[in-house]
6 protein chains.
Amino acid sequence: MYAVEVSDHIMIAHSFRGEVFGPAQRLHGATFAVSAAFMADALDRNGIVVDIGRAFDVLRQVLAPLNYRNLDDMPQFKSVNTTTEFLTRHVFDGLAEAVKRGELGREPGEIGAIRVTVAESPSARAWYEAALW
Amino acid sequence: MYAVEVSDHIMIAHSFRGEVFGPAQRLHGATFAVSAAFMADALDRNGIVVDIGRAFDVLRQVLAPLNYRNLDDMPQFKSVNTTTEFLTRHVFDGLAEAVKRGELGREPGEIGAIRVTVAESPSARAWYEAALW
Amino acid sequence: MYAVEVSDHIMIAHSFRGEVFGPAQRLHGATFAVSAAFMADALDRNGIVVDIGRAFDVLRQVLAPLNYRNLDDMPQFKSVNTTTEFLTRHVFDGLAEAVKRGELGREPGEIGAIRVTVAESPSARAWYEAALW
Amino acid sequence: MYAVEVSDHIMIAHSFRGEVFGPAQRLHGATFAVSAAFMADALDRNGIVVDIGRAFDVLRQVLAPLNYRNLDDMPQFKSVNTTTEFLTRHVFDGLAEAVKRGELGREPGEIGAIRVTVAESPSARAWYEAALW
Amino acid sequence: MYAVEVSDHIMIAHSFRGEVFGPAQRLHGATFAVSAAFMADALDRNGIVVDIGRAFDVLRQVLAPLNYRNLDDMPQFKSVNTTTEFLTRHVFDGLAEAVKRGELGREPGEIGAIRVTVAESPSARAWYEAALW
Amino acid sequence: MYAVEVSDHIMIAHSFRGEVFGPAQRLHGATFAVSAAFMADALDRNGIVVDIGRAFDVLRQVLAPLNYRNLDDMPQFKSVNTTTEFLTRHVFDGLAEAVKRGELGREPGEIGAIRVTVAESPSARAWYEAALW
């Protein structure tokens, strides 16, 4: 299995609901370093999984609506905690749609899985990985 | 599959038995940078795999008996080589017990697997990953 | 010249005033990875610049009032932009006071300078360095 | 499952054929940071997956013919694009042969899989992972 | 003294003349991770050394003519070895001109010095630092 | 001012005397990641500060007597604490002698200063920098 992974980052504010979060129930923020890995069983005729330039563009498009935002103010996040784990899945879903629309330059079925890793600090990170089909 | 990973480190002395180890048969030491990843199929109602604060605490508890020690002097390690690989499994076992005692704040069965990564230097590391059930 | 540097991090929300900041005028946030370097011309009789454990404690005390906070809500920051550069100086001032109160375990005059480095993302950081006397 | 991973790097020139590559169709180059992970279900009697020293030597032998080369000039690469993905597989194949010749110091069947990761920049990397048997 | 540092990277091919370079006399290449630090005694009225967005843009403009190029083919480099050290100075000169043209958004004299760091691999890097006035 | 910096690492055991060290008074160990920076006002006719290959060799020679050792057993360290700070100076002294013997391939006086940085963990490091003449 081959994978190509590209990285970018966003800077957001948010707060959490639930006693388990302790001081993180207060409005605070994070720099999230986000990596997106696209996986395929075979390379295409150019010798790539996906074009790295396209992969960067797609990741940036998925992240752009979140960047420099207070996630607490975004209607689609009103009823959830925008935890690092939650965001791995949110980015995964956006990337999966881009793959299915053919934006990565491969036949959609050729990209078998995606893994999204989000680091919130030098000592904590989360990831979500799943097959696309 | 979701994962949350937290990191800490210990500083230990030890020596190895066996010609394969060459100069590492002498008493020497290491800073081991240890990462523990907890994996789950689903997030809990707070939107997390495990609370990162609890994950740090549990990892620190498992590492504490080793920190600032000569592992050669610890009775439980008398008959083994405390290699980087061996320590990945030792930490895994401690974390697995903590999960089974419910110390991570999830129903034990909800955490499906653990991966422990131990870096011994900028250019060498080991990991152990296994399902818990 | 000797230096000892320790690192920690905080997660905050804030916004900036001024057109130069573009989208960062909106409420957003950051994980700030903060390193504090203490500099001395000579080691003490134990062979250290400062005790690393004490250095961690002092850095944590200076950072604690900021962690998991919206800096826009803190009275002392009402009239300033809490930029990365500004925070390097804020942390420097807190550390300098701790040195002058003797909390680092050296005679104050023996620590000649401090440098505080704050990374806001994998690709941008700031630092402030100055002599203490 | 246990893994041991060692890292090295090479500095090469090459160019790509295909419009998808844009400016990378021109002769350019890369520092490739290469990590090789050897995986085994069980440790040997010394408590290791493979000896780290041997793993470094084998990785270096596989990389040596590529280092400080223009890959466009190497006959075996004449008909392919030597992309980061392609190189993960090239290194994998070399390491797999070394395992099968017994050069890692384990019975060949004891090493079940290899993963080769190649970072081309701080923000892009690729990997290839496969079972050996 | 305050500093703000931003990072980018380029991928180039080149070769060196001189026996001291050994195998690096052959055409090879490198990913150069380039950091540019701008230094000032005082922050401006916005609380910054320079706008980070502008700093990224200026660094990218200086690096763009080199990216995805064989430096051996560029007329301005015909008579020199484009070593990592040489490139730190080349980038410094480009940034210094941009400062003097006022492109960083500060009065030129307010930026007192620049340091350019270029990493050629995980274990080797170079830097050039000088005052501007 | 130009600098070239190369990195290597050692794995050692040691203990400290003095209550300030707390649990580090026990025999423990460390992986020390060591970087050596050589500084010069001007490049030589090849366009380098020092040859990176020579710099690696000289650093390795200075570190070799310490690697895989219990520093407590080495006669030259009997009366000192081999702290991270102490080792920055020990390595500096070894490198300075090598420069003065002409082993770096420059006229000794052309290398004006050396900085040695030693990281003991992901969150703590020390350095020593001084002029050579």
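Accessible surface buried at the A:B interface totals approximately 1500 Å², computed with a 1.4 Å probe on protein heavy atoms. With the Kirkwood sum run over all distinct C-alpha pairs, the protein assembly as shown has a hydrodynamic radius of 27.6 Å. Charge tally for E:Glu5 (other residues, Cβ to Cβ under 14 Å; Lys, Arg +1; Asp, Glu -1): -1. The residues of region C:91-133 occluded by other protein chains by 50 Å² or more of accessible area, set against the chain on its own, are C:Glu120, C:Ser123, C:Arg125, C:Trp127; surface from heavy atoms, 1.4 Å probe.
How much net charge surrounds C:Ser79 when only other residues with a Cβ under 14 Å from its Cβ are counted (Lys, Arg +1; Asp, Glu -1)? Surrounding charge for C:Ser79 is +1. The antiparallel fraction among DSSP beta bridges confined to the protein assembly as shown stands at about 95%. Among the trypsin sites (Lys or Arg not before Pro) found in region B:51-133, those both in a DSSP coil and sparsely packed, with 12 or fewer other Cβ atoms within 10 Å of their Cβ, are B:Lys78, B:Arg101. Counting only alpha carbon atoms, the long axis of helix A:84-100 and the longest principal axis of chain A meet at about 30°. Would you please classify the overall shape of region E:1-114 from the alpha carbon gyration tensor, given that a ≥ b ≥ c denote the square roots of the eigenvalues, rounded means a/c under 1.5, and beyond that prolate means a/b larger than b/c while oblate covers the rest? Prolate, because a/c is 1.5 or more and a/b exceeds b/c. Dividing the mean sequence gap of close Cα pairs (under 8 Å, 6+ apart) by how many residues chain C holds gives a relative contact order of 29 percent. Taken residue by residue and averaged, Cβ atoms of other chains lying within 10 Å of the Cβ of E:80-87 number 5. Listed by chain and number, the aspartates and glutamates whose alpha-carbon sits under 20 Å from that of F:Lys100, ignoring those within fewer than 8 places in the same chain, are F:Glu5, F:Asp41, F:Asp44, F:Asp51, F:Asp57, F:Glu110, F:Glu129. The local environment of A:Phe38, defined by Cβ-Cβ distances under 9 Å, has a net charge of +1 under the rule Lys, Arg +1 and Asp, Glu -1. Hey, can you list the residues from region A:26-48 whose accessible area shrinks by 20 Å² or more with all protein chains present, relative to the chain by itself (probe 1.4 Å, no ligands or nucleic acids)? Residues meeting the cut-off: A:Arg26, A:Leu27, A:His28, A:Gly29, A:Ala30, A:Thr31, A:Leu43, A:Asn46, A:Gly47, A:Ile48. In nanometers and ordered shortest first, the copy-to-copy spacing of the A:Met1 label point, defined 7 Å from Cα toward Cβ, is 0.8, 0.8, 5.0, 5.0, 5.1. Here the accessible area of the protein assembly as shown is 48 percent carbon and sulfur, with a 1.4 angstrom probe and all protein chains present.
Could you grab the relative contact order for region B:6-80? Cα pairs under 8 Å, six or more apart, rounded to a whole percent. It comes to 40 percent, rounded to a whole number.
The residues of the protein assembly as shown expose on average 39 square angstrom of accessible surface per residue, using a 1.4 Å probe on protein heavy atoms.
With its label point defined 7 Å out from Cα along the Cα-to-Cβ axis, A:Glu107 lies at 4.2, 4.2, 6.6, 6.8, 7.9 nm from the matching points of the other copies, in increasing order. Spin-label model, F:Ala42/C:Arg60: points 7 Å from Cα along the beta carbon direction are separated by 5.2 nm.
Shown for D:Pro75: label points 7 Å from Cα along the beta-carbon vector, and their distances to the equivalent points in the other copies, 3.9, 5.9, 6.7, 6.7, 8.1 nm in ascending order. Seen against the Cα atoms of chain E and their longest principal axis, helix E:52-63 is set at about 30 degrees.
The values are calculated or read from the model by the stated rules, or taken from the named source; none is laboratory data. In this text the structure is predicted, and so the values were computed from the model without any measurement. Positions of Cβ are generated from backbone atoms using ideal geometry, with glycine treated the same way; all protein chains shown enter the neighbour counts. Protein only, heavy atoms only, side chains kept; ligands, DNA and RNA dropped before computing areas. Shrake-Rupley method; radii C 1.70, N 1.55, O 1.52, S 1.80 Å.
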